[in-house]
Every structure is written in C-alpha cells, then in structure tokens.
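**Student:** Below is a structure I'd like to ask you about.
The values are calculated or read from the model by the stated rules, or taken from the named source; none is laboratory data. No experiment lies behind these values; they were computed from the predicted model shown. Positions of Cβ are generated from backbone atoms using ideal geometry, with glycine treated the same way; all protein chains shown enter the neighbour counts.
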Amino acid sequence: MDYLIKYPALTATEGFINNFQMAFLRIVFWGIIVFVFSSCAFQKLGKEVAILDQTSILQGRIANSSPHKKPLIVLLYHLLDNEKKLVAYSIHHTPGTFTFIRLPGRYLIAAFEDANEDLVYQPNEYASYANDSKVITVTPGEDVFNLNLTVQHPHKGPLLEGPDLTSPDTKAQLDLPNIQTGEVVSLEDRRFSAKNAQRGLWQPIKFLRKIGGGIFFLEPFDPEKIPVVFVHGVGGSPRQWATLIQHLDRNRFQPWVFYYPSGLRLNMNAEFLIQTLSKIYVTHKFQKFVVIAHSMGGLISRSLVNTIVEKDTDQKLKVLFLTLSTPWGGHQAAQIGVDHAPAVIPSWIDMIPNSPFQKSLFQAPLSDQIDYYLFFSFKGGHNPFTNGNDDGTVSLVSQLQAEAQDAAIKTVGFNEDHTSILQSAGAAGKIETLLANFANRE
C-alpha cells in the first residue's frame with residue numbers, strides 16, 4: 001500500500017507553515033483547521049499511517065456453479081494458534097471481485113451461496129474454499145491476488161465451518177463491530193459531532209474502532225419509500241445534510257446517511273459503502289434508490305455506481321445519482337500535501353490531480369438505468385493552482401472535468417461556495433424536482 005510519511009528539510013512546524021501556508025489554505029474544505037498544523041496532530045496521523053502501511057489487500061473473484069443464482073457470501077477467517085475466528089465477510093449479489101484489507105497474519109477464505117437468504121450456512125448450500133483450502137499467509141504491505149473460487153455442489157464438499165451471520169456471537173467477533181447497516185438515529189447523534197468527523201480525517205483507524213460508521217437510517221425502513229443515501233465529503237459528517245433532508249418529501253422518500261473515515265484511501269471507503277449497502281439490500285430488496293454526494297463523497301459514490309453497472313447485469317435497480325461540488329479532477333493542494341507534509345493523510349494520495357483512482361471512475365459508461373446530474377458551485381475567486389476560477393475551495397476545471405460532464409444528463413451551476421451549496425434554496429429546489437420525477441418513473 002502506498003501510504004507515505006515524508007519529512008521536509010524544515011525541522012520546525014513554524015517553518016513548515018511559513019513555506020506552505022498559502023498552499024494549505026486551499027485545503028480548508030477538508031476540515032483542516034489551525035490545530036492540525038501542530039506537531040501533535042501530525043504525530044497522531046503518523047501513527048495511523050504506520051498501521052495502514054502494514055495492511056495488505058486480499059483479492060479474488062467468486063463464481064457460481066449453482067442454478068439458483070442467489071447471493072454469494074465470502075467469509076474471512078483469522079487463524080491464531082488453535083483458534084479459527086470469523087473476522088469479516090462480504091455479500092455479492094452477482095459473481096465478481098471480493099476484497100479484504102488485512103493486517104499480517106494467517107487467513108482462510110471460504111464462500112457459500114445463501115440459497116434461502118437467511119445469512120446462515122446450511123450443508124445443502126453450494127460452497128467452496130479459496131486457494132485450494134490452503135492457509136493464506138499475509139506479510140506486511142504485501143498484497144495477495146488471484147484468490148479465486150467457484151462455489152460447488154454440496155456433494156463436492158461442504159464447509160467445515162457453519163457460520164450464522166445473524167448470531168450475536170458472530171457479530172461480536174467480527175472486526176469493526178460498530179459498523180451500522182440500518183440503525184435508526186437522529187442527526188444529533190453524538191457520533192456525528194465535528195470532533196468525530198475530524199477524527200475520521202486525521203485518525204481513521206481510531207474512528208473505525210471507536211465510531212465504526214456505516215449507513216444509518218433516520219426513520220424505520222419503509223418498503224413504500226425510496227431510499228436516499230447521503231454521502232459527505234472530507235472531514236464531513238451526516239449533519240451537513242440537515243437542510244436538504246428537511247426539504248425531502250418524507251411521504252415518498254426515506255433518508256439514509258453514510259458515515260465514514262474520510263482520511264482512508266478512497267477505494268477503501270468505496271468498498272466500505274458498497275459492502276454496507278449490499279448487506280442492507282439482502283434484507284430489504286429495494287428496487288429504486290437515490291445517491292446524493294458532496295465534494296469527495298462524489299468520487300466514492302461514483303465507485304459504488306460503477307459497481308452497480310458491473311454487477312446488475314439485468315438492470316433491476318434504478319438509480320438517481322446527484323453530485324454537488326465534486327473535485328472530479330482532484331485538487332492541487334493534495335499534491336503539495338503529499339510532497340511536503342510531515343505525514344500524509346491517505347486520501348490525499350487519491351486526490352492528487354488525475355490520480356489513478358480518479359481515472360478509473362470513467363473507464364465504463366453508466367447504464368440507462370442510472371440518471372446522473374452534476375451540480376457545481378462557482379462563488380469563489382481566482383485559483384492559483386489552475387490559473388482559473390473556483391468555488392472558494394475546488395476549481396471549476398476540476399468540478400467540470402470533461403468525463404464527468406459527458407456522463408451527466410445535465411450540468412447545473414449555482415452561485416454558491418463549496419459548502420453553501422448544501423444550504424442553497426436553489427439547489428434544494430432542483431433536487432426536489434429531480435426526486436419527484438424519479439419517483440414517478442415506472
């Protein structure tokens with residue numbers, strides 16, 4: 001993993017500020033305020049990045065030989081001494097790629113087709129092991145790919161384990177047990193505080209351990225209402241969506257908020273969103289939903305939408321996708337941060353202009369079942385990084401990346417800055433109209 005810690009020639013924090021103060025003012029939108037320039041903040045970040053540096057990607061593809069074509073569940077077991085502990089799992093509604101991010105250790109990967117969709121393995125269900133049932137040894141920073149498997153007829157060998165993913169005992173032993181998939185809360189929940197949002201930026205590992213994150217509901221699930229998933233940006237929290245949620249027609253729509261540590265690499269947070277939503281889908285089987293994302297959250301959400309395009313081959317899901325002030329072309333301040341900061345927030349790496357992550361988002365076109373609208377903000381000034389204009393934070397060049405405009409049904413601009421667009425009556429009105437039209441579609 002390319003998590004970097006670089007130390008400039010200047011040894012004093014004050015010297016760092018003097019040389020790069022103007023550059024880092026451009027990252028205010030990331031929630032970076034004065035205290036983050038202290039050595040204490042960077043020391044904490046350095047410790048977090050050191051942990052992430054030890055992680056490895058475990059990845060493979062799962063295929064299905066069963067005629068039932070039911071959800072596939074991939075299981076990850078950690079082998080420690082004589083104990084085999086289920087530490088993570090992922091749900092796949094169609095065959096495709098599975099990914100786990102792990103620290104060093106010995107692991108075993110298995111999978112089964114959940115034929116009756118009860119999240120419990122039965123011996124008569126199709127199943128298999130990855131890597132020919134061999135133990136997978138993970139060393140620091142060394143990724144492991146090609147862990148491919150095909151679930152087979154139960155006569156060819158059932159799983160030795162009998163996981164029950166609904167069991168409280170199972171949930172208790174999973175890593176990151178605080179991950180939520182539908183807990184009903186209010187926006188005033190203390191987990192959504194500004195302090196915790198900053199922790200997600202500067203201490204993402206601590207955030208996951210203490211807060212957890214996930215998708216939260218603001219009311220009990222109603223099958224008659226269309227879900228609207230709100231995805232915040234860097235250093236943000238679900239509270240930033242208060243105005244737009246107030247404008248939501250609660251007779252036709254139900255608001256969900258995705259909360260994540262914005263300091264993590266974007267592919268990790270995208271996978272976090274994909275898996276959390278997949279687990280909710282197993283239970284509720286909604287056929288239409290909306291994704292509204294702000295700033296960097298738009299990049300993460302586009303990765304989710306791409307996954308839907310890849311896996312929903314029958315195009316059963318209808319999606320309305322809206323982004324507000326998203327830096328599709330990245331931000332030059334991220335480059336400065338990676339090059340010169342005492343410690344680098346991992347998400348900066350993916351926010352460097354035209355990073356590999358950004359380029360990957362447009363490799364496949366959106367399907368006809370996905371309606372995408374691009375909202376941008378332009379109330380700012382001259383951007384020294386692009387020799388153009390911005391919204392006070394993100395340049396218009398980045399917001400209006402050609403590939404993003406090409407994918408959009410319509411591109412709409414607002415005389416708002418990077419954050420005021422979230423309270424804009426004009427933007428709220430446009431969103432209400434798009435939501436109403438979407439709800440009326442067959």
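**Student:** Residues 334, 364: which one is modelled with pLDDT under 95, assigned by TED's automatic domain parsing to the domain that holds residue 227 and buried (at least 19 other Cβ atoms within 10 Å of the Cβ)?
**Tutor:** Just a single option satisfies the conditions, and that option is 334.
**Student:** Assess whether residue 76 counts as being surrounded by fewer than 21 Cβ atoms within 10 Å (Cβ to Cβ), of a type outside the set (S, T, N, Q) and outside the structural domain of residue 286 (by TED's automatic domain parsing).
**Tutor:** No, not satisfied.
**Student:** Residue 347 - would you say it is touching a His at 6+ places or on another chain (Cβ under 8 Å), assigned to a helix (DSSP H, G or I) and either hydroxyl-bearing (Ser, Thr, Tyr) or surrounded by 23 or more Cβ atoms within 10 Å (Cβ to Cβ) (or both)?
**Tutor:** Criteria not met by residue 347.
**Student:** Suppose we keep only residues that are of a type in the set (S, T, N, Q) and in contact (Cβ under 8 Å) with a residue 40 or more places away in the chain within segment 274-306. Which one would you say is nearest to residue 396 (Cα to Cα)?
**Tutor:** Selected residue: 295.
**Student:** Take residue 163 and decide whether it is crowded, with 19+ Cβ neighbours inside 10 Å, within 26 Å of residue 280 (Cα to Cα) and not β-branched (Val, Ile, Thr).
**Tutor:** No, not satisfied.
**Student:** Okay, moving on. Return the residues of segment 351-360 that are surrounded by fewer than 22 Cβ atoms within 10 Å (Cβ to Cβ) and either outside any loop (DSSP other than H, G, I, E, B) or in contact with a Ser or Thr (Cβ under 8 Å, 6 or more places away or on another chain) (or both); say none if nothing qualifies.
**Tutor:** Selection gives 353, 356, 357, 359, 360.
**Student:** Let me ask something else about it. Give me the pairs: first residue in segment 330-351 and under 18 Å from residue 401 (Cβ atoms), second residue acidic (Asp, Glu), beta-carbon distance under 9 Å, and six or more apart or on different chains, which are they?
**Tutor:** These pairs meet every condition: 330/350; 334/350.
**Student:** Mind listing just one residue for me: the one in segment 411-437 that is among the charged types (D, E, K, R) and more than 19 Å from residue 236 (Cβ to Cβ) and, of those, surrounded by the most Cβ atoms within 10 Å (Cβ to Cβ)?
**Tutor:** By that ranking, first place goes to 430.
**Student:** What do you reckon, is residue 192 buried (at least 18 other Cβ atoms within 10 Å of the Cβ) and at pLDDT below 95?
**Tutor:** no
**Student:** Another one. Check every one of the helices (runs of 4 or more DSSP H) wholly within segment 204-315 and list those with 1 or more residues that are basic (Lys, Arg) and in the same structural domain as residue 330 (by TED's automatic domain parsing).
**Tutor:** Passing ranges, in order: 204-210, 266-284, 297-311.
**Student:** Still on this model: Residues 371, 339: which one is surrounded by fewer than 23 Cβ atoms within 10 Å (Cβ to Cβ), charged (D, E, K, R) and touching a Leu at 6+ places or on another chain (Cβ under 9 Å)?
**Tutor:** Just one listed residue meets the conditions, 371.
**Student:** Which is aliphatic (A, V, I, L, M), over 24 Å from residue 289 (Cβ atoms) and at pLDDT below 95, of 402, 341?
**Tutor:** The conditions single out 341.
**Student:** Moving to a separate point now. For residues that are over 19 Å from residue 351 (Cβ atoms) and crowded, with 16+ Cβ neighbours inside 10 Å, tally how many sit in segment 381-410.
**Tutor:** 2
**Student:** Still on this structure: Of all residues in segment 124-172, count the ones that are under 20 Å from residue 93 (Cα atoms), out of contact with any helix residue (DSSP H, G or I) (no Cβ under 7 Å at 6 or more places or on another chain) and charged (D, E, K, R).
**Tutor:** 0
**Student:** Residue by residue through segment 79-94, note down the ones that are surrounded by fewer than 17 Cβ atoms within 10 Å (Cβ to Cβ), touching a Leu at 6+ places or on another chain (Cβ under 9 Å) and of a type outside the set (A, V, I, L, M, F, W, C).
**Tutor:** Within segment 79-94, 84, 85, 94 qualify.
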